[in-house]
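Inspection log for the structure reproduced underneath, given as structure tokens.
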Amino acid sequence: MGLRLSWILMAILALGVAGYALINLAVPTFRNPFVLNIFTHSPSAISMHLLGGCIAMIIGAIQLNSQFRTRYISIHRWLGRIYVLAVIVGGVAGFILALNSFGGLVTHFGFGLMAICWVGTTLVAYWQVRNGNIQAHRDWMLRSYALTLAGVTLRIYLGLSALFRINFSDFYPVLSWICWVPNLLIVEWFVLTRLCKTSNA
Ligand code: HEM
């Protein structure tokens, strides 16, 4: 699949999940019992989480488009700052939600570590660009957005588990890890193969 086609597919999935998050935030009657329960015990955290996650998801997809970056560099810079803020808000709220998440200790650690990595990779990416290290900035942004996309992969795996009639309570703790660790490994593989190619050139 070409790079352009992969970007379009990714952007459609990202828009879909961002839309789902936004509807949950804005339309209380849309919320399913699982989401309603989160709104009951942590209304501020889930609201901040959905808002931050939704903004990061949409901006991140735009920022990854290389044509957009080269044409509109000053917009890229401003959107980048908003992305960092959105991840901080969504990630801190995600960490608070992780402490209460469904599924016990395994999910608390899975989502908790994911939140730390999400904010951490984003701050390192920002710090790299402030120091003029453009290639390192790109690599860390890829890691950051791979974690943002966990919002998409989680829902793909959840759909598949329903299709194969896997018990939700058994699967949820596994989901809190597989929705993000493979995403990061794929980015590491991508960064390493690029490094190998450039050192052999
Ligand atoms: C990448 C770091 C993220 C972390 C650590 C994280 C963590 C969490 C946690 C712990 C919950 C509550 C689950 C429970 O109570 O069992 C939650 C719910 C939710 N999150 Fe995230 N999340 C992240 C990213 C995102 C993104 C990028 C979106 C999309 C915009 C998103 C959308 C949602 C939605 C819609 C819910 C409500 C539950 C549902 O409908 O599945 N999250 N998140």
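The values are calculated or read from the model by the stated rules, or taken from the named source; none is laboratory data. These numbers were taken from a predicted model, which means no experiment stands behind them. Every residue, glycine as well, gets a Cβ built from its backbone with ideal geometry; the counts of neighbours run over all protein chains shown.
List of remarks:
- Test: residue in the stretch 65-75 that is in a helix (DSSP H, G or I), farther than 22 Å from LEU185 by Cα and in contact (Cβ under 8 Å) with a residue 24 or more places away in the chain: no
- Just one of the listed residues (LEU149, LEU105, LEU113) is of a type in the set (A, V, I, L, M, F, W, C), closer than 15 Å to VAL181 by Cβ and more than 12 Å from the chain's Cα centre (by Cα), and it is LEU113.
- Being within 14 Å of the ligand (Cβ to nearest atom) and closer than 27 Å to THR198 by Cα holds for only one residue in GLY103, GLY90, GLY60, GLY132, and it is GLY60.
- Within the stretch 136-195, tally of residues that are of a type outside the set (Val, Ile, Thr), closer than 21 Å to LEU3 by Cα and part of a helix (DSSP H, G or I): 23
- In the stretch 11-40, the residues that are free of Cβ contacts under 8 Å to residues at least 24 places away in the same chain reach residues that are more than 10 Å from the ligand (Cβ to nearest atom) and part of a helix (DSSP H, G or I) with C-beta atoms within less than 6 angstrom, at least six apart or across chains, in these pairs: ILE23/PHE30.
- Hits in the stretch 40-50 (condition: of a type in the set (A, V, I, L, M, F, W, C) and either surrounded by fewer than 17 Cβ atoms within 10 Å (Cβ to Cβ) or more than 9 Å from the ligand (Cβ to nearest atom) (or both)): MET48
- Considering only residues in the stretch 114-160 that are among the polar types (S, T, N, Q) and buried (at least 16 other Cβ atoms within 10 Å of the Cβ), the one that is nearest to ALA93 (Cα to Cα) turns out to be THR148.
- In the stretch 174-192, the residues that are within 22 Å of SER161 (Cα to Cα) reach residues that are of a type in the set (A, V, I, L, M) and surrounded by fewer than 17 Cβ atoms within 10 Å (Cβ to Cβ) with C-beta atoms within less than 7 angstrom, at least six apart or across chains, in these pairs: LEU175/LEU158; SER176/VAL106.
- Pairs with Cβ under 6 Å, 6+ apart, first in the stretch 143-156 and basic (Lys, Arg), second more than 7 Å from the ligand (Cβ to nearest atom): ARG143/THR121; ARG143/VAL187
- Among the residues of the stretch 174-191, just one is modelled with pLDDT of 95 or more and more than 18 Å from the chain's Cα centre (by Cα), namely TRP189.
- Filtered by the rule that a residue be part of a helix (DSSP H, G or I), within 9 Å of the ligand (Cβ to nearest atom) and not polar (S, T, N, Q), the stretch 24-38 gives LEU25, PHE34, VAL35, ILE38.
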